[in-house]
Each structure stands twice: as C-alpha cells, then as structure tokens.
2 protein chains.
Amino acid sequence: MPKRVTISDVAELAGVHKATVSRALNELTSHQVNTTTARKIQRAAIQLGYIPNIVARSLRTSLSMTVGVIVPDLTNPLFPPIIRGIENYLTARGYTALLANTDGQDRHEELAFESLLARRVDGFILATGHSQHPLLVDAYHRNIRVVMLNRGSLQVPYPLVTGDDADGIAAAVDHLAELGHTDILHLAGPQDFSTSHTRAEAFRSACSARGLRPRMTVASALNVNAGEQSTDAFLRSGKPLPTAIVASNDLLALGALRSLRHHGLDCPSDVSVVGYNDMPFAEDFSPPLTTVRVPHLDLGSEAARLLMEAISTEHQIPLTVTLPVSLIVRDSTAPPRDR
Amino acid sequence: MPKRVTISDVAELAGVHKATVSRALNELTSHQVNTTTARKIQRAAIQLGYIPNIVARSLRTSLSMTVGVIVPDLTNPLFPPIIRGIENYLTARGYTALLANTDGQDRHEELAFESLLARRVDGFILATGHSQHPLLVDAYHRNIRVVMLNRGSLQVPYPLVTGDDADGIAAAVDHLAELGHTDILHLAGPQDFSTSHTRAEAFRSACSARGLRPRMTVASALNVNAGEQSTDAFLRSGKPLPTAIVASNDLLALGALRSLRHHGLDCPSDVSVVGYNDMPFAEDFSPPLTTVRVPHLDLGSEAARLLMEAISTEHQIPLTVTLPVSLIVRDSTAPPRDR
DNA sequence: GTGAAAGCGCTAACAT
DNA sequence: ATGTTAGCGCTTTCAC
C-alpha cells in the first residue's frame, strides 16, 4: 500500500495546523474556521486525494458510524428488500451496515453479536428475535441500542417495527370468505416465532369473527420444505380437505403448492392458497400467488430511523411502529368448487 | 453507554502490564507469555467481560479486518447466495463484510468505494464490473486489493471468479438441439456487461458448431421488465417465431415467460425457454424453468479466498478462476411442435 | 517473559 | 479564528 495521506499532510500543504484541517473538513465545525483558509484546506485535501480515516475518528469519538444488522438468512427473499431499506436510510447519513447471518442458531447469533460489538457498532437492527433471548436481556442491561424488526421480544422493551399482521391475516380470511370459502386451514409457522404466533392468533380471531371454524397445522420451520412436508402430512392424515389454505408466509405457501401438485390437486380449483409477504417473483409462481404485501423496504428504513434516534438519545423509548399491509389478489385463489 | 472495559482494566485486575495482556490475548503472540500468567489474564478478561476494540487495533495495525463488497442490487436474487458464500469464508477468518449497492450507477459506486475506503477496508469484492472503469484503474494504481466477481475488467488485471459461461450456454444449446430445435433465439443482456457479451459469443459459436443459425435480440437491462419488453418487441416484429429461447439470465427468461403468456403462447409447447443462473425458486415458476445452475455460494467463497490471498501478498497475481456449471432440466423445455 | 514508551490518525478541551 | 496538547485503545519495538 502506498502511504495514505493523513490530516497532517493536508495541514502541511495548506500551511495550517491539523486541528484546523479537522475543523474545516467537519460539517459541524466548519463554521468555526475562516472561509478563506477553509477553501485553501479544501483545495489541499482534494489535491492530495485525502480520504478521512473513519477508524481513527471512531477511536477518538467512540462513534463508529456503523450499525450491525443481524438476520437469520440473507438468502430468504424476505430480507434483501429490508436490508436495502436499512441501507438507503443509513448511507444518506454517513452510516454503513455490517451484516451477519445466524441461520437461526443462537450460537451464531452470539458470535455475530460479539464480533460486531468488537467492531464498536453504534447499534443493532435485529431481525431474528425469538420470543425469549438471554442475549437481548444482557444487551439491554449493557445499554446497547437495538431495534427489533419483524419479530419482537417479550422480555425487553426495545423498539419494534412490523407489518400489521392482524390486519393482513384478516384481509386474507375476508377475501376467502367473500369467495365463499367456509373451511379454511392455517398453515402456521413455528409458534415460538412471534410473527408466526401473532398470525396464528389473528387467524383464529378472524375466523371466529366470521363464524368459521379455524383449522390449523404447524410447520416445523419457515421454509419451502417444511411447508411441503407439513402439507403432505396433513393431506395424508385423512382429515377432510379444506377448500383453502392461509399460509403464515410465502415460503410455506410455496411448499403447500408443491405438495398439492404432487397429490394431484389443482390450485386454485381444488384448494385456494394465500401466502404472506409478497416475496419477489410471487407473481411468477405456478399459479401466481395471492398474498399479503408487506412494505419491506419501509420496514427497513423505519427500523434504521428508529435506531438513529435511539443512538442520538440518552434514554431509549420503547416504541412499536406498525406499517400497513395490503392483500394482492392473483390466481391462487378462486371460489370453492362444489364437492 | 457504560464505560467499556479496556485492555488496561484487564491488566490491572490480572496484575500485569497491558502489553502482556495484548500478547496473551492475541493468537499469534500468546506463546510469548508464561502459561500461568496467560491463564490469569484469560480469567480476568472473562470476569470483566472484556471485548477487544477492533477499531483501536485497526488504527495501530492498519488492518481493519473488513472487506467491502459492492454489488449492483442485493435484491437481485443472484447476489444473496454469493454474499453468503463470501461471508462464510470471511467470518471463519475473523473478517467482516461491509456491503454496498450501486443500482448500476457509477456515481453510487464511486461514493460507495470512497466510503468504504474511508473505513479502511482491507480490500474489495466487486460484482459490478463494467467492461471499462476509471475507478478500477485508479484503484489498481493505488495498489488497492480487489477481486472481481462474475464480470471482469478488461483494463486492469485483477483476479476474477466466474462460472463457466461458454460451457453453460453450450449445454443449453445442446439440450435444445437434442430435443430437435433448430431455430433458437438468444435473448441477450446489454453487451457492455462482460457476462452478457461472453454468453452471446458462446451462443453464436455453440450454434455454428452445430450448424444452426444463431438469432439474437438484446434486452436493455438485466431484469424481468427488460426481458418482457424485449420479447414483446420481438414477437410484435413479425419475424418468424423461434421454437426456443436461450436467455442470458433467469430474470430475462422470466420476462420472456410473461411475454409469451400475454401473447397467448404456451411454454414449452409453443416455445421452449432456457434461463441462466438457477436463481432461487426457479423451479416454482410457471412453468418450472430449465436453466443453467451456477454455484453462487462457491463463487462467493472463492472470491473471498482470492481476496484474502491478495491481502496477505505483496504482489497481486491476476488469476481467473472458472467454476463449473450444470444444466438443470425442468418443464420449460420440450421438443418443438410441428408447425 | 514482561515492562516501558511510543505512536497509529484523529478530535476536543484549553489556550492564545 | 487558529494553535497546542492530550488521549481514544491498542500493538510493537526496545529494554531489562
């Protein structure tokens, strides 16, 4: 590496002290310095190709201008838009995101947390929240800034950003009810995820509000395979076939779609399916998936906004932001066939 | 924030000098310190919950243990697995990735580059390479470590990791030829992307090697809309309908699928379609997409490996690593119907 | 094997 | 408005 140019080099070329350079180049203090010298410094900086060393600044200010973003798996299509939303907000403010995946393993999460802490991130956005989490409790007591995304914590009053799950599920059930469905199955996710739990609860109350009997089966994970296996098991169980399925997310819905296909059942004529999230390319599935659209980009930027607030505030205010969702009707739902 | 525990705190508790603590806690120097004192230090560190300050270490060693990863758009399903591959490799070695998106805009790329440089990343993985790029030339002269991913640079001898494009396209053409297709259209990407260009060339030579006349249409971008529009335009042009389309990537193939559907044409009975990349959920499209699988995870980890090598080496060796690809046959390809 | 001292590049009192 | 000084937390000579 060629020797990097530092603030002292700029100072020397501009014929001023390095403290003056520091002041001139910083937005917040540049007013303290004479316009003429400031310009001189600017020129010198550009001439030398000076790039400030944020590492050194961080050490001095104990502000790293980075935040840690922890997700279960980047490969889950849910997360890329969320992360883009986070980034959009952060980069506009000079912040950068440090990304880590946990693959749902607590051990990975601890490791990621520690590694990011070692890098002195100014705060975290956590999109991995289980309902209970010693890590979080510990973080809270250490006064670490955290914003939860999608899944909240029950133990610790960190701010939370989510879509309106209750409303989304209600819209799905309404839609099916209007089509004439009366026998609807909820393909739920693991109940220790707060979103899965919330949606299952929402399903129950939406059904009972409409005089429908809620039926439910629980998948072992939030992915396509689990959805397929769970639906397979249900279909093989001999229980009466529902005319519609409301899945707790699109991946599970996709699994249900695969399972129905393998069992020679047609969607939507035999069974309607509704997903949740409106993941990218949901409209290209076979059939195009009716689903609840969640504003993932907004979820991300809102979480970033809350975190920035938390960082710049002395006392954290536990705040829950609920963003509106909307039902996107495509071809996987239709009126039930008479049987 | 509660005052962070530093190396001095540990030193005090352990009753040694902080330099000794530093030596004891560093893998590479821990052998220099007496086993007994080392243990004493370990205990003190754990007792205090000491977390090393990588920021301070970076300042001292001018090694930040971070690398910048620049992609066009995280939301493109191509990239998440690549990034996971990168991360898997990096985290195992104590490194972390700093992620930035460019949305294909040179200005964004410059900004990202500068911001990451300010954070003193030890190197870059670039998955955005246009064929020419002043930024890269500049970086090369500044002796900055870079590994290119997917798309190479023609101007500067940075290492490159790609899938075997020529082989993949040849496999697609072979597959179609074996099914009996003789009139194949290549739905190409913008020709200033090196991958698009390589694949177009590969298509031409694969066709001529089999005595087929290559036909080609070029999309304006590498996304679904561009693919759809391009196919629309082709279908409306009145040119004779090919019996098969080989797209330069899955997104374009998806656009072609949408366009065919809108024109009342069935895939595969009217037109077969082959994609490229085997993006997640390609098997769930309507119809499930025949496509060329690229080992994205490996692409990422290989790039990370090369970068680690480049960082620890004095002189960079320009190396191109080509990973094997494989054709995945699904339902979007079938023998041509007699017309 | 361990301690002392210097310094990475920057910012923030304090002084002028 | 600018210069001086100290120090963020760590690693790394150099002594002992």
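Since every read-out is calculated from the coordinates, none of them should be taken as a lab result. Keep in mind it's a predicted model, so treat the numbers as computed, not measured. No Cβ is skipped: glycine too gets one built from the backbone with ideal geometry, and neighbour counts run over all protein chains shown.
Things to note:
- Summed residue charge, Cβ within 14 Å of B:Gln155's Cβ, Lys/Arg positive, Asp/Glu negative: -1
- Label spacing, shortest first and in nm, from B:Arg210 to its equivalents in the remaining copies (7 angstrom along Cα→Cβ): 5.0
- Label point of A:Thr322 (7 Å along Cα→beta-carbon): distances to the other copies' equivalent points are 5.7 nm, sorted ascending.
- Each Lys and Arg adds +1 at its Cβ and each Asp and Glu adds -1 at its Cβ; summed about the Cα centre, the stretch B:7-52 shows a dipole of about 120 debye.
- With label points set 7 Å from Cα along Cα→Cβ, the inter-copy distances at A:Asn26 are 2.9 nm, sorted shortest first.
- 3J(HN,Hα) along the stretch A:232-240, derived from phi through the Karplus expression 6.51 cos²θ - 1.76 cosθ + 1.60 where θ = phi - 60°, amounts to 3, 4, 5, 5, 6, 6, x, 5, x Hz, with x in place of Gly and Pro.
- Assigned charges on the beta-carbon of Lys, Arg, Asp, Glu; the stretch A:165-293 dipole about Cα centre (debye): 440
- Between the amide H of A:Val321 and those of A:Leu160, A:Val161, A:Thr162, distances stay under 5 Å, these residues lying 5 or more places away or on another chain, with hydrogens modeled in the peptide plane.
- Average beta-carbon neighbours from other chains, 10 Å sphere, peptide A:82-90: 2
- Less than 5 angstrom separates the built amide H of B:Thr66 from those of B:Thr96, B:Asp122, all sequence-distant by 5 or more or on a different chain.
- Gaussian network model of chain A, Cα within-10 Å springs - most flexible of A:Tyr50, A:Tyr158, A:Tyr140: A:Tyr50
- Sparse-neighbour loop sites [trypsin sites (Lys or Arg not before Pro); the stretch A:93-193; at most 11 other C-beta within 10 Å; DSSP]: A:Arg93
- Relative contact order (%) - criterion: Cα under 8 Å, at least six apart; region: the stretch B:165-293: 24
- Computed on the stretch A:34-153, with alpha-carbon pairs under 8 angstrom and 6+ residues apart, the relative contact order is 27 percent.
- Overall form of the stretch A:165-293: rounded. Here a/c, set by the Cα gyration tensor axes a ≥ b ≥ c, is under 1.5.
- Packing-based ranking, highest mean first, of B:245-255, A:70-80 given that Cβ atoms within 10 Å are counted: B:245-255, A:70-80
- Cβ crowding within 10 Å averaged over residues, with A:39-48, A:234-243 ranked highest first: A:39-48, A:234-243
- Three semi-axes of the equivalent ellipsoid, the protein assembly as shown, Cα gyration tensor, whole Å, largest first: 46, 35, 22
- Between A:Ser205 and A:Arg43, the contour length at 0.36 nm per residue exceeds the alpha carbon distance by 51.7 nm.
- When chain B is treated as a Gaussian network with alpha carbon springs shorter than 10 Å, the biggest mean-square fluctuation among B:His108, B:His17, B:His175 belongs to B:His17.
- The rotation axis that maps chain A onto chain B passes nearest to the beta carbon of this chain A residue, listed with its distance in whole angstrom: A:Ser286, 2.
- Approximate spin-label separation A:Val218-A:Leu179, in nm, with each point projected 7 Å along Cα-to-Cβ: 2.7
- Per-pair calculated FRET efficiency, R0 = 22 Å: A:Leu111 and A:Gln229 via Cβ, rounded to 0.05: 0.15
- Taking label positions 7 Å along the Cα-Cβ direction at both B:Gln191 and A:Arg261, the computed distance is 3.7 nm, reported to one decimal.
- Listed residues A:His186, A:His31, A:His197, most fluctuating in chain A (Gaussian network, C-alpha, under 10 Å): A:His31
- Close amide-amide hydrogen proximity is noted between A:Met216 and A:His186, each under 5 Å apart and 5 or more residues distant or on a separate chain (H modeled in the peptide plane; Pro and chain starts excluded).
- Taking chain B and dividing mean pair separation by its residue count, relative contact order in percent (alpha carbons under 8 Å, at least six apart): 17
- In sequence order, calculated HN-Hα J values of the stretch A:116-121 (Karplus, 6.51, -1.76, 1.60; Hz; x Gly/Pro): 6, 5, 4, 8, 6, 4
- Averaged over the residues of B:280-287, the number of partner chain Cβ atoms lying within 10 Å of the residue Cβ comes to 6.
- Listed by chain and number, the aspartates and glutamates whose C-alpha is less than 19 Å from the C-alpha of B:Lys18, apart from same-chain residues fewer than 8 away, are B:Asp9, B:Glu27.
- Computed from backbone phi, the HN-Hα couplings of the stretch A:244-259 come to 8, 10, 10, 8, 6, 7, 5, 5, 4, 4, 4, x, 4, 4, 4, 4 Hz, rounded to whole numbers (Karplus: 6.51 cos²θ - 1.76 cosθ + 1.60, θ = phi - 60°; Gly and Pro given as x).
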